[in-house]
């Protein structure tokens with residue numbers, strides 16, 4: 001695991017995300033007033049904030065909501081503050097109408113990359129609070145700063161610093177490697193007859209060795225992490241950075257054409273019911289294809305284990321996980337690492353206490369609570385404390401994979417443009433035969449030209 005961390009330390013690029021699915025509960029308190037806190041000083045002492053109220057909203061994912069209530073309880077015990085906690089699977093539907101009415105939350109845990117794109121919208125509207133000083137604050141109850149606890153590379157990127165101005169607007173929270181999940185029992189490592197592919201040529205050669213379709217995906221939205229890992233495979237890290245800034249030459253390049261060729265072959269080898277079930281209501285049916293041996297590989301993050309914990313499965317089924325195959329023998333293999341984020345709306349009426357709360361999220365106490373539910377933060381030394389099951393997935397970097405960390409640069413709003421629809425969901429059309437991979441590549445070039453013109 002030390003090696004895994006060193007791989008992440010070496011990747012000083014951008015970071016992104018994607019989030020899992022989850023249900024909702026609410027806890028309420030009373031009034032809100034401003035709190036004081038100073039950068040570089042101890043965040044708080046017990047009882048300093050008695051009588052003050054903080055409004056916190058957190059997306060409920062497969063990790064559940066109980067962990068957030070435990071963290072809130074710990075914060076209240078240390079500070080004397082009251083926290084009004086709201087959690088929900090569809091958090092945007094709860095908090096967006098309230099904020100439009102002027103009722104702002106103080107701290108929100110809601111990642112970028114979701115269909116409704118609320119954080120992205122707020123970034124485009126300059127509606128988030130600068131959290132740069134949080135990095136210099138002492139973690140609540142500890143003699144170390146927040147910045148000292150966060151693994152390098154998880155700040156100073158286009159997600160946490162979306163305006164490319166050295167200012168932090170989003171704090172990194174739970175992170176996870178993403179890659180290809182499969183049933184070990186089908187492969188030699190689990191007693192099966194198939195050999196795990198190390199290159200894309202070996203991957204597609206499996207089609208001649210089995211009647212099982214090679215590929216599925218929960219929804220096409222999950223392909224963002226998948227494609228993010230493919231981009232540095234075809235062109236390297238600088239190529240990846242340029243692609244994330246919509247560089248015209250990068251997207252028109254021969255290397256990018258190679259990537260879309262692979263995507264086209266994947267579409268041809270995708271289980272045919274995948275697009276019809278690739279939505280928020282039926283995505284688990286696509287995940288079930290892996291458990292039923294009706295598809296060999298599926299892009300996902302380790303939350304899928306919890307999501308499908310009670311699902312039926314083929315005899316001998318055992319989860320396997322690997323990085324994407326390399327483009328050629330001896331080439332680099334990548335596993336995309338995404339992280340979720342928390343942020344403070346500019347309209348928050350209690351921003352200083354909000355920063356104290358965020359500092360507490362990086363405490364050993366809070367991190368242990370989150371880890372009990374499988375939610376791992378990018379905190380130095382955290383992976384050493386994980387359960388054996390979690391270490392299996394984080395060890396992907398120990399096995400030679402490189403970490404891809406990045407997301408597209410923030411732009412001004414572009415009327416009528418749904419970037420993720422073009423970037424990810426075109427896959428549905430290619431699988432269904434309504435578009436070709438070449439057309440997808442052309443659409444991305446046109447879309448990136450538009451987005452580049454709208455960059456801040």
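Cα gyration tensor of region 282-355, axes a ≥ b ≥ c as square roots of the eigenvalues: rounded (a/c below 1.5), prolate (a/b > b/c) or oblate?
Working: a/c = 3.65, a/b = 1.65, b/c = 2.22.
Verdict is oblate for region 282-355.
By counting other Cβ atoms within 10 Å of each Cβ, how are 200, 68 ranked from fewest to most? Please list the in-between numbers first.
Values: 200 21, 68 27.
The most exposed by this proxy come first: 200, 68.
Under 19 Å from a point 7 Å along the Cα-to-Cβ line of residue 207: which residues of region 399-433 have their amide N that close?
427-433
Using the basic label-point model (7 angstrom from Cα toward the beta carbon), what is the residue 148 to residue 189 distance in nanometres?
3.8 nm
What FRET efficiency comes out for residue 439 versus residue 272 if R0 is 30 angstrom and r is the Cβ-Cβ distance? Round to the nearest 0.05. Let's see the in-between values first.
Values: r = 20 Å, r/R0 = 0.66.
Efficiency, from the Cβ-Cβ distance: 0.95.
With label points built 7 Å along Cα→Cβ from the Cα atoms of residue 414 and residue 163, find their separation and express it in nm.
2.2 nm
Can you sort 442, 411 by how many other beta carbons sit within 10 Å, fewest first?
442, 411
Kindly rank 363-375, 275-287, 92-104 from highest to lowest mean number of other beta carbons found within 10 Å of each residue.
Details: 363-375: 19.3, 275-287: 17.3, 92-104: 14.1.
Top of the packing list down: 363-375, 275-287, 92-104.
Determine the distance separating the Cα centre of region 232-263 from the Cα centre of region 74-135; give it in Å without decimals.
Computed from Cα coordinates, the inter-centre distance equals 34 Å.
In deg cm²/dmol, rounded to 500, what helix-only [θ] at 222 nm does the chain give when every DSSP H run of at least 4 residues adds -39500 (n - 2.57) and the total is split over its residues? Spell out each step's value before the answer.
Values: 18 runs with 159 residues, N = 456.
Rounded to the nearest 500, the figure is -10000 deg cm²/dmol.
Fully extended, how many nm does the chain gain between residue 66 and residue 450 (0.36 nm per residue separation, minus their Cα-Cα distance)?
Details: separation 384, 0.36 × 384 = 138.24 nm, distance 4.28 nm.
Here the answer is 134.0 nm.
When DSSP beta bridges are limited to those with both residues in the chain, what percentage is antiparallel, rounded to the nearest 5?
If I count the DSSP bridges inside the chain, around 55 percent turn out antiparallel.
Using only Cα positions of region 394-444, each an equal point scatterer, no hydration layer, compute I(q)/I(0) via Debye at q = 0.14 Å⁻¹ and quote the log10 values to two decimals.
Here log10 of I(q) over I(0) equals -0.60.
Test of understanding: ordering 359, 65, 387 by Cβ neighbours within 10 Å, fewest first, what list do you get? Numbers along the way, then the final one.
Numbers: 359 27, 65 23, 387 10.
Ranking 359, 65, 387 by Cβ neighbours within 10 Å, fewest first, gives 387, 65, 359.
Could you tell me which of rounded, prolate or oblate describes region 44-111, using a ≥ b ≥ c as the square roots of the eigenvalues of the alpha-carbon gyration tensor, with rounded for a/c under 1.5 and, failing that, prolate when a/b is larger than b/c and oblate otherwise?
oblate
Say R0 is 25 Å: what FRET efficiency, to the nearest 0.05, do residue 248 and residue 117 get from their beta-carbon distance?
Once rounded, the FRET efficiency stands at 0.55.
If the chain between residue 432 and residue 126 were fully stretched, how many nm would it gain, using 0.36 nm times the residue separation less the Cα-Cα distance?
Numbers: separation 306, 0.36 × 306 = 110.16 nm, distance 3.90 nm.
Full extension from residue 432 to residue 126 adds 106.3 nm.
Quick note: the coordinates plus some simple rules give every number you see, no bench work behind them. Fair warning: this is a prediction, and the values are worked out from it, not measured in the lab. Note that each Cβ is placed from the backbone with ideal geometry, even for glycine, and that neighbours are counted across all protein chains shown.
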